[in-house]
1. Taking the range 144-170 as the search range and keeping residues that are among the polar types (S, T, N, Q) and touching a helix residue (DSSP H, G or I) at 6+ places or on another chain (Cβ under 8 Å), which one is nearest to residue 106 (Cα to Cα)?
2. Return yes when residue 49 is part of a loop (DSSP other than H, G, I, E, B) and either in contact with a helix residue (DSSP H, G or I) (Cβ under 6 Å, 6 or more places away or on another chain) or at pLDDT 95 or above (or both) and no when it is not.
3. Within the range 71-94, track down each residue that is part of a loop (DSSP other than H, G, I, E, B) and surrounded by 12 or more Cβ atoms within 10 Å (Cβ to Cβ).
4. Considering only the range 1-10, I want to know if a residue exists there that is in a helix (DSSP H, G or I) and out of contact with any Pro (no Cβ under 9 Å at 6 or more places or on another chain).
5. Within the set of pairs 6 or more residues apart or between chains, which connect a residue that is under 10 Å from residue 156 (Cβ atoms) inside the range 96-108 to a residue that is surrounded by 13 or more Cβ atoms within 10 Å (Cβ to Cβ) and β-branched (Val, Ile, Thr) with Cβ atoms less than 6 Å apart?
6. Where in the range 95-170 are the strands (runs of 3 or more DSSP E), entirely inside, with at least 1 residues that are surrounded by fewer than 16 Cβ atoms within 10 Å (Cβ to Cβ) and not aromatic (Phe, Trp, Tyr)?
7. If I filter the range 14-28 for residues that are part of a loop (DSSP other than H, G, I, E, B), at pLDDT 95 or above, at negative phi and more than 18 Å from the chain's Cα centre (by Cα), do I get at least one hit?
Amino acid sequence: MSEDVTGLGLRFGTVEEGKAWVGRRSEPKKAWFPIDRSMVLYYCSLVEDRNPRYWDGDECPPGLLMTLGFNPQWSPEHLRRGDGLFALGIPLPGKHIINASTTTELERRPRIGDHVSIEEEVASISDEKTTRLGTGVFITSVTTYRDQDGGVIGRNTNVLFRYNLPEDSA
């Protein structure tokens, strides 16, 4: 249908092809790195979170969980893996994406030393909608984060809007 110019690994198809993915789960994948103190501090610096429990204590911010599913910007060829964000691989129209909402529910706080496994599920795909941004669909996914012992740390419900600009259709 279209070429992925985003570099995000988007797959293209119809809304009907995309809806066939509802209920599909990714294979569990282990985060590249276990949570460590420097990761917590780096994350807090990026989001400008001044909470002293993170800077001076030993707690981890819940938002850090989401970042564990991303691949590093670069890795040696022999370590590269093709397991980016599952929701981006759904065959759908639209070459633009924007995050519409995120909700995280914790069973417990992430801890330094946790080596997290991540599993994503496609919860729903809306009918096509037209917004001020363009025409597209809302993709709702639920990501479950588990610790090295298989215990659930938390779940993240995320909504992406995948769309085309009006000029993309012209």
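1. Across the range 144-170, the extreme among qualifying residues is 156.
2. It is true that residue 49 is part of a loop (DSSP other than H, G, I, E, B) and either in contact with a helix residue (DSSP H, G or I) (Cβ under 6 Å, 6 or more places away or on another chain) or at pLDDT 95 or above (or both).
3. First, the residues of the range 71-94 that are part of a loop (DSSP other than H, G, I, E, B): 71-76, 80-85, 90-94.
Once the filter is applied, which keeps residues that are part of a loop (DSSP other than H, G, I, E, B) and surrounded by 12 or more Cβ atoms within 10 Å (Cβ to Cβ), the range 71-94 yields 71, 83, 84, 85, 90, 91, 92, 93, 94.
4. Of the range 1-10, the ones in a helix (DSSP H, G or I) are none.
Checked the range 1-10: no residue is in a helix (DSSP H, G or I) and out of contact with any Pro (no Cβ under 9 Å at 6 or more places or on another chain).
5. That search, which allows pairs on different chains as well, returns 103/157.
6. It comes to 96-106, 117-125, 152-164.
7. Yes: one or more hits.
Listed here are the residues, each with its yes/no results for (1) touching a residue at least 60 places away in the same chain (Cβ under 8 Å); (2) among the charged types (D, E, K, R); (3) touching a Pro at 6+ places or on another chain (Cβ under 8 Å).
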site: 122; (1), (2), (3): yes, no, no
site: 141; (1), (2), (3): no, no, no
site: 145; (1), (2), (3): yes, no, yes
site: 151; (1), (2), (3): no, no, no
site: 154; (1), (2), (3): yes, no, yes
site: 164; (1), (2), (3): yes, no, yes
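The values are calculated or read from the model by the stated rules, or taken from the named source; none is laboratory data. Since the model is a prediction, treat every value here as computed from it, not as a measurement. Cβ atoms come from the backbone with ideal geometry, glycine included; neighbour counts cover every protein chain shown.
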